[in-house]
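Each reported figure results from applying straightforward, stated rules to the coordinates on display, with no laboratory input. Worth saying up front: this structure is predicted, and the values here are computed from it rather than measured. Cβ: placed from backbone, ideal geometry, glycine included. Neighbour counts: every protein chain shown.
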């Protein structure tokens, strides 16, 4: 077995798996940013296949395409994040299901089923709004007083 | 380019240019000056037509001075371009190669065309000048003066084309102009309805005409009037005219490559080439149906009286002098075809005679001045057809007389209509003879010119109508005399002769009835006239005066010098008869001429007496006490005769009952079918996508993830199909 | 059905169930089973991978591919979007390693720098700007997880099977139908040459110069577009920030 064919085969399959997993995430996840990550993951899968083909055929075309994919992904990220931010400002949610206005007039909206409450998660550090004095939580005062 | 070709192109091209110019510039730029292009163009056309007449005359002289002409009559055909052509369209017989169908745009100059062109353009010019005054405050001024040259273009083309297809095209074109001008005041429902009626009735005639053309094509394989030399390559290459002026240019090497036109020299010289029997009769009757529609002959005459809804100059130009004579022109042009079928000629004569009498009887009791004139037009057109029907192989006198009557009638009928228009103009649009009277002091010029027209129409010596009407009656009498061996035909022609005489009497009567009612008696002016009641402006009276002079002079001049007859007899269809006649007379000796001269005098005397009697009766009734008329009316009404004439013999009602109503019934049936079946089907078809859409609507749920999923599912299906293949 | 097809079908079925169990469904039950199933499916898939030239290469490839795929599965199955982003970063690193392993050194670096370094950090910023208090329902549940998982995994299965079958096809002479025209020597002077970045640069700014310019314009347009979309009109700026 030619090792080059083996390499191509393995890379293509890994690329297909990445692509498929990204697709599943894009379909099922409701957080717009995670959906976006999944879309990027699909691009990664494609990039892998392209690089593998490029190597197999001894051609830089594959790598060139990947470079442009990265460039386009950067543009996409910029625009998408801007749009997501605006949507978040409008609805106060990152949920994609809020945005169903494109459906036919007489179609019922998708209703999510009620979920049992879960305890709030450990807070991750979050950014304060620029130009405002930061909100100081009680535990933080404690932490600071100990300094 | 030689003179005749230039003239033939100029005559229609100038009015066409005028119509385009006025149509484009009239509304915004020319406005009240819209008449200038029209008058100038038609004036130049008229001059060109007169030059053309002299050119043709010269051509004839040249031919005569060069000794016996090899050609039957004088004709010159110019080919401009090929409009359309289909190769191998028609297999004439198995032994010959298939013929192509070609429409060459060809114009012809021959005496018949020249006479028609001169008459049409001259009358048009006078009417156009008259219209300047008549239409002066009409909001559609520029529109009127863009239609008139369009009509002149169509009419001049109609009489100068040398191909049946083009004849048909311009036949329709003049019909269109007629429609546009009858409905010129389209805001008036009566005018719109009259335009529609004229159009529809003409459709019936034109349908017959078209069928006649189809039959001609299948019979003769060509629709050209003239002979055409085929190029050596056979079909499809450029055709040149074989018979050029007086020479016959035949290629000695390829004598076979000449296609004989329907009215071309080849067939005129050898009459045996015309088919006879049923086919000939069918062709002629179908053509005659077309002529009946256009020239308002029974049974298609009903549109012409209604057409008087149009402006009076239009009535004078189109519905009296020019367009309605197209049928007469066409039958004259096709005389060689008609000669192939005796039945057809008799039908032409019978229709003509019957229509002449019928229309004259109707005209007796009408009260609308223009309608009286309209019925008189129908009657006079009937006279022309009567003349055409009195043609035999041995005598073209009837046709010459018919054409002569056409020529003189154009002048005096245009004169009468324009006079009526002048009266109408002064009376504020009122045209009912019962509502005005005694206008002779108020409108002296109109009175005198109208009188000239009436005398001409009644056929009083030496006015134009006398000479031409006389010739027709003489020709019919001659025809009756010459059929001594065939009692049935003889009886027919005698009957027609008597009908002609009776019509002459009635014509004189109703003409002077209208004249006396209008201009004599106590002076009565309708309210509508207001202080408008005055003589018309000069632009109207000058054309009236010119036409009056024409009505006085043209008949006597041309008849006494024999100029018209000699000129016209050089037209190919008539020249053929003249040639046959010469051969026959050479064989039989001079037996008939003496009789002809004698009968001619008799006819003149009798018809003059009859016309005088008609005038005298009219004077007796309408210049005297009005009670006399009422008494007579009551007497006649007892027998229903008066009502019959007053009701125009109820043709409109009969047609309404037997044609319009059944058609309306069929139409409402179709409407019902359309509503219940077709519409339901269409609605069903429309409902289907709606239902499918409703079924598919849940797919449009607005979730982008669902859309992406659907895309991938589709891709999977595609992949699956590809992989299993 | 061939051996490889059987394996892939089985892996597909197991993977679909596993992914379904791993996806956020409102409950955390069954995630361990899902992890096991996915691991088995991945193992089955790995068993059909072809051997490279030596065991070192095999080992490196399997480690990199494993990291990439496992991180990818984690990306779509974690509830907290911040963790998702971090797992995605790991997956990106794996991909970069695979690029490097395939000889695309410049791409590997670029992926790490641009994706992991810039894009991902921007994502994290946005996530932090838009954090709800407590656990948001939209992070805890999925839209149609069964259909999604089934569709995606079937897609993967079909693709893998096809790739595997096509590459294994043999012509009449017994030689594989898919065969590279180039020899190892060619590659050593081409994509695997020592002056890799120089060659990439020559290629990028030689044959693909116009495309580079177009991409640059696109980036500029995206920059302007993003600014326009986010910039609020003055009147809106006065409103209080949207609350949760």
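Relative contact order for the range A:3-96: 29 percent, from Cα pairs under 8 Å spaced at least 6 residues apart, divided by residue count.
Annotation: average projected area of the range B:169-211 is 2.6 square nanometres, based on the convex hull of Cα atoms across all directions. Summary value for the range C:3-193: 26 percent relative contact order, contacts being C-alpha pairs under 8 angstrom separated by 6+ residues. Between C:94, C:201, C:157, the GNM of chain C built on Cα springs shorter than 10 angstrom shows C:201 fluctuating the most. Largest GNM mean-square fluctuation among C:205, C:62, C:101, using chain C with Cα springs under 10 Å: C:205. Diffusion coefficient of the range A:62-106 by Stokes-Einstein, Kirkwood radius over Cα pairs, 4 °C, 1.567 mPa s: 102 µm²/s. Cα-based radius of gyration for the range C:3-193, normalised by 2.2 N^0.38 Å, reads 1.21.
Counts of other chain beta carbons within 10 angstrom of each beta carbon in peptide C:41-47 average 1.
For chain B, the alpha-carbon coordinates run over 108, 77, 54 Å along the three principal axes, in decreasing order.
With neighbour counts taken as other beta-carbon atoms within 10 Å, the residues B:446, C:27 rank, fewest first, as C:27, B:446. For the range B:286-415, the spread of Cα coordinates along the three principal axes comes to 43, 23, 22 Å, biggest extent given first.
The protection proxy used here, the mean number of other Cβ atoms lying within 10 Å of each residue, ranks peptides B:180-188, C:186-194 as follows, highest first: B:180-188, C:186-194.
Under conditions of 10 °C and 1.306 mPa s, the range B:576-719 yields 60 µm² s⁻¹ as its translational diffusion coefficient, taking Rh as the Kirkwood radius over Cα pairs in the Stokes-Einstein equation. When B:162, B:608, A:28 are sorted by how many other C-beta atoms sit within 10 angstrom of their C-beta, beginning with the fewest, the order is B:608, B:162, A:28.
In chain B, helices alone account for a calculated mean residue ellipticity at 222 nm of -22500 deg cm²/dmol, with every DSSP H run of four or more residues adding -39,500 (n - 2.57).
The radius of gyration of the Cα set in the range B:422-581, together with its Dmax, comes out at 20.6, 66 angstrom. Across the range C:85-181, Cα-Cα pairs more than 23 Å apart make up 59 percent of the total.
Cβ crowding within 10 Å ranks A:35, B:424 as B:424, A:35, fewest other Cβ atoms first. Per-residue mean of foreign Cβ neighbours for A:50-62 is 6 (Cβ atoms of other chains, 10 Å radius). Shielding value for C:25-31 is 2, the average number of Cβ atoms from other chains within 10 Å of each residue's Cβ.
The three principal axes of the Cα atoms in the range C:1-49 give end-to-end lengths of 39, 16, 11 Å, sorted in falling order. Helices in chain C, meaning DSSP H runs of at least 4 residues, each add -39500 (n - 2.57). Divided by all residues, the mean residue ellipticity at 222 nm is -22000 deg cm²/dmol. Pull out a ≥ b ≥ c, the square roots of the eigenvalues of the alpha-carbon gyration tensor of the range B:389-500, then state rounded if a/c is under 1.5, prolate if not and a/b is larger than b/c, and oblate in the remaining case. The shape class here is prolate.
Its Cα gyration tensor gives the protein assembly as shown an equivalent ellipsoid. The semi-axes, each the square root of 5 times an eigenvalue, are 102, 39, 27 Å from largest down.
Taken over the range B:45-87, the alpha-carbon convex hull comes to 114 cubic angstrom per residue. In the elastic network of chain C, a GNM with C-alpha springs shorter than 10 Å, the most mobile of C:111, C:68, C:162 is C:162. The Cα-based radius of gyration and maximum Cα-Cα distance (Dmax) for the range A:3-96 are 16.0, 54 Å.
In plain terms, the C-alpha convex hull of the range B:422-483 casts an average shadow of 5.9 nm² when viewed from every direction.
Working from Cα pairs under 8 Å separated by at least six residues, relative contact order for chain B is 13 percent.
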